[in-house]
Amino acid sequence: MAMDCRDAALKFLEHRERSVQEVKSHLRSKGLREEEIEIELEYLKSLHYLDDVRYCGNYIRYGLGKGRGPVRLQFELAERGVDGATIQEALEACFDRSTEKAA
């Protein structure tokens, strides 16, 4: 069953990067056991297939390209299950006064 969980997670990550919470929710929707899900999430994190800090940075850069500001990006990342501290760090790293004004 572990390979089923891994296969489902990898297939979900195949097309684009996802947050840890997005993958967790997807695996839950497949009816997989919580223990299996947690083991696979840790495995995927250890391989850096899942990394919410990287995900935030990439998402923010993408959003900037689309003209989104920090408030909207913060909201969207929170909707995707990224914790507030990680979002705040990523926003501070990507936004300065001129970047924020332009957005």
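Does the stretch 86-101 include one or more residues that are in a loop (DSSP other than H, G, I, E, B) and at pLDDT below 95?
There is at least one residue in the stretch 86-101 that is in a loop (DSSP other than H, G, I, E, B) and at pLDDT below 95.
For Glu79, only one of the following conditions fails: (1) exposed (fewer than 15 other Cβ atoms within 10 Å of the Cβ); (2) modelled with pLDDT under 95. What is its number?
Result: Glu79 fails condition (2) only.
When the stretch 1-42 is examined, which residues are found to be assigned to a loop (DSSP other than H, G, I, E, B) and among the small types (Gly, Ala, Ser)? It would help to see each step written out before you state the result.
Quick first cut of the stretch 1-42, residues assigned to a loop (DSSP other than H, G, I, E, B) only: 1, 14-19, 30-33.
Within the stretch 1-42, Ser19, Gly31 meet the criteria.
Search the stretch 78-94 for residues that are under 13 Å from Tyr59 (Cα atoms) and without any contact (Cβ under 8 Å) to a residue 40 or more places away in the chain and pair each with any residue that is of a type in the set (D, E, K, R) and in a helix (DSSP H, G or I) when their beta-carbon atoms are under 6 Å apart and the residues are at least 6 apart or on different chains.
That search, which allows pairs on different chains as well, returns Thr86/Asp52.
Provide a single number: the residues in the stretch 6-45 that are among the hydroxyl-bearing types (Ser, Thr, Tyr), under 15 Å from the mean Cα position of the chain (by Cα) and open to solvent by 40 Å² or more (accessible area, probe 1.4 Å). Spell out the reasoning first.
Within the stretch 6-45, the first condition is being among the hydroxyl-bearing types (Ser, Thr, Tyr), and the residues that meet it are 19, 25, 29, 43.
This time we only want the ones that are under 15 Å from the mean Cα position of the chain (by Cα), so: 19, 25.
Subset that is open to solvent by 40 Å² or more (accessible area, probe 1.4 Å): 25.
Of the residues in the stretch 6-45, 1 are among the hydroxyl-bearing types (Ser, Thr, Tyr), under 15 Å from the mean Cα position of the chain (by Cα) and open to solvent by 40 Å² or more (accessible area, probe 1.4 Å).
Just checking, how many residues over the stretch 43-56 are part of a helix (DSSP H, G or I) and farther than 17 Å from Glu92 by Cα? Walk me through how you get there before you give the answer.
Kept after step one, since they are part of a helix (DSSP H, G or I), are these residues of the stretch 43-56: 43-46, 52-56.
Checking which are farther than 17 Å from Glu92 by Cα leaves us with 43-46.
Number of matching residues: 4.
I'd like to check something: does the stretch 57-66 contain any residue that is closer than 26 Å to Cys5 by Cβ, open to solvent by less than 90 Å² (accessible area, probe 1.4 Å) and either in contact (Cβ under 8 Å) with a residue 60 or more places away in the chain or outside any loop (DSSP other than H, G, I, E, B) (or both)? Give the derivation first.
If we filter the stretch 57-66 for residues that are closer than 26 Å to Cys5 by Cβ, which is where we start, we get 58-59.
Cutting the leftovers down to open to solvent by less than 90 Å² (accessible area, probe 1.4 Å) gives us 58-59.
With either in contact (Cβ under 8 Å) with a residue 60 or more places away in the chain or outside any loop (DSSP other than H, G, I, E, B) (or both) added as a condition, the list becomes 58-59.
Yes, some residue in the stretch 57-66 is closer than 26 Å to Cys5 by Cβ, open to solvent by less than 90 Å² (accessible area, probe 1.4 Å) and either in contact (Cβ under 8 Å) with a residue 60 or more places away in the chain or outside any loop (DSSP other than H, G, I, E, B) (or both).
The values are calculated or read from the model by the stated rules, or taken from the named source; none is laboratory data. Computed from a predicted structure; not experimentally measured. So basically every Cβ, Gly included, is an ideal-geometry build from the backbone, and we count neighbours across all protein chains shown. Surface areas here come from the heavy atoms of the whole protein model, side chains and all, with no ligands, DNA or RNA. Shrake-Rupley method; radii C 1.70, N 1.55, O 1.52, S 1.80 Å.
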